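Structure record follows, encoded as structure tokens.
Coordinate-derived values only; no laboratory data. Keep in mind it's a predicted model, so treat the numbers as computed, not measured. All Cβ positions, even for glycine, are placed from backbone atoms using ideal geometry, and neighbour counts span all protein chains on display.
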Amino acid sequence: MNALLQAIAIGVPQGALYGLMGFGIALIFRSAGTLNFSHGYSAMVSVLITLSTIQWFLGMGWLEGHAALFAAIPVGLISGAVFGVLIDILLMRRVKHVSPASMLMITLGLLLVFEGAANLIWSPDYESFPRILPGAPFVFQGAGVLGEVRVIFRRNDLAVMLIALVISLSMAGLMKYTKIGLAIRARGQDPIGAQAVGINTNRVDSIVWAIAITLAVVVGILVAPITRVHPTMLMNTQLLGITAAVLGGFSSLFGAIWGGLIIGVLERVVDIFPALDGYETAIIFFLIILVLVFKPEGIFAPRQGRKA
Amino acid sequence: MLEVTDLAVSYGPIHAVKSISFTLGEGEIVSIIGANGAGKTSTLFGIMGIVRSRGSVRLRGEELRRKSSTEPTAKGMVLCPENRRIFPGLTVEENLRLGTFVRGNFSEMVKQVYSLFPILRERTRQLAGSLSGGEQQMLAVGRALVASPEVLLLDEPSLGLAPVLVDEMFRVLTNLRDRMSILLVEQNATKALTISDRAHVMQNGRIVHSGEAGAMLRDDKLRKAYLGM
């Protein structure tokens, strides 16, 4: 029982990050029409930019300790938004009308470009990255109806969960109640219809890319203290983010968040059983196969509303 | 009202519209008729800036920039596209709200649309994808009308509708003529000519015949040659 609680305490924040990653991937898939294989890699470059900015602030003696981190975060986020807009305007816009496959190939190519750039400009070394909330972990200890309980909760995970929650709620609000959110959903559902009401679909696509990559940078900054900073730091997160999006159903954006949480917890629950050690990823992908076979629209896909 | 001069639309090597010109007067209904693939929809997309086109499009004498559909729509030219193109995962009300994305007063115009198509009022919170075909077509026309167009471009409003609904749709369109000019693209030539003032026949990207709608209806030779009826 204690092990299960501990698995949830570590798995939920981890899963929230997969979920945010998956949300951005599903957003680009639904609105801009491609599966972005370079999602985590562009964010990785932004994390490197964030780290360099921190080191620069510290090196110049302008800021100290945590102030440098918080001053560098906006730089990283903005660089993510800029990457998103540039990818859309310089690459995607030119091939959008050709075929979805060409967009897909470009994102695969970008993956290599971002990884190569990171190796070239920075280095393949692992560098440490500061936590948002440093300090000793929380320890919940006591005896209750469940018997002797002792659960450790990492302090930084509190920041992870709060940020994930705030982002999820604000994205839900954006999509549901704002004009641009409605335009993003409309563009994904019918691009010709969207243009018929005067929506500039090219502009919507740029906004979607900017939002999605910026979210991936947030994930990168939150996950960096654990993975440390290196060119493939977000490979696993991206893979499980795509998985979260599949699990949640690409047709429902917020399904990806739930999908992420399920994967995050599952990963840690599998850890409880020594016999399954090392099979976490295999089990998760087996789950995906089951979902694709039995409920290909995703387990959180809305029931109605799809009609030719 | 609307003046189209030397409009041409190409998709790579395919010339869908080959330099056509026509006008639409204040309060007029003008139809463009012709077979599948004649270039009718491409003409509308070109005018709206949905596809790239050459030539000049003037609304009330003012040249429209057609980099995207935003400016033509904002200036008062609104398209109701072929195949409805409503947003299936959004509610009826959200669909109508999007109709006023760049133009029109939603709270005021939505009342007019509901009085024109009362069935939509009962479906406000329903997802548009769950509507019947006829209701979806009404929603598509309603979504164009909430923008209070001065020029309404209608692409095949009768497509896939039961005959009784086609009559209903054309009755509604006739009633709109005192409020806006209408450019109607139709395969149902008889219906279109009945409510139009003038018409153009398109074939292979060109206008091959133009005339007064009533006269074209009576012209047997023309009907046999171009309209297959």
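For region A:188-209, how many residues meet the condition of being facing chain B (nearest Cβ under 7 Å), out of contact with any strand residue (DSSP E or B) (no Cβ under 7 Å at 6 or more places or on another chain) and assigned to a helix (DSSP H, G or I)?
5
A quick yes/no check of all residues on (1) surrounded by 14 or more Cβ atoms within 10 Å (Cβ to Cβ); (2) in contact (Cβ under 8 Å) with a residue 60 or more places away in the chain; (3) aromatic (Phe, Trp, Tyr); (4) within 29 Å of B:His15 (Cβ to Cβ):
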residue	(1), (2), (3), (4)
B:Asp155	yes, yes, no, yes
B:Leu159	yes, yes, no, yes
B:Pro163	no, no, no, no
B:Leu176	yes, no, no, no
B:Leu183	yes, yes, no, yes
B:Ile195	yes, yes, no, no
B:Met216	yes, no, no, yes
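How many of the residues in region B:122-148 are more than 11 Å from chain A (Cβ to nearest Cβ), surrounded by 15 or more Cβ atoms within 10 Å (Cβ to Cβ), of a type outside the set (D, E, K, R) and not in a helix (DSSP H, G or I)?
Number of matching residues: 1.
Could you go through region A:135-154 and let me know if any residue there is within 21 Å of A:Ile73 (Cα to Cα), touching a helix residue (DSSP H, G or I) at 6+ places or on another chain (Cβ under 7 Å), free of Cβ contacts under 8 Å to residues at least 24 places away in the same chain and more than 14 Å from chain B (Cβ to nearest Cβ).
yes
Check every one of the helices (runs of 4 or more DSSP H) wholly within region B:33-121 and list those with 1 or more residues that are more than 14 Å from every other protein chain (Cβ to nearest Cβ) and not acidic (Asp, Glu).
Those helices (runs of 4 or more DSSP H) span B:40-48, B:106-116.
Looking at region A:159-187, which of the residues that are more than 26 Å from A:Pro74 (Cα to Cα) and surrounded by 24 or more Cβ atoms within 10 Å (Cβ to Cβ) is nearest to the other protein chains (Cβ to nearest Cβ)?
A:Ala186
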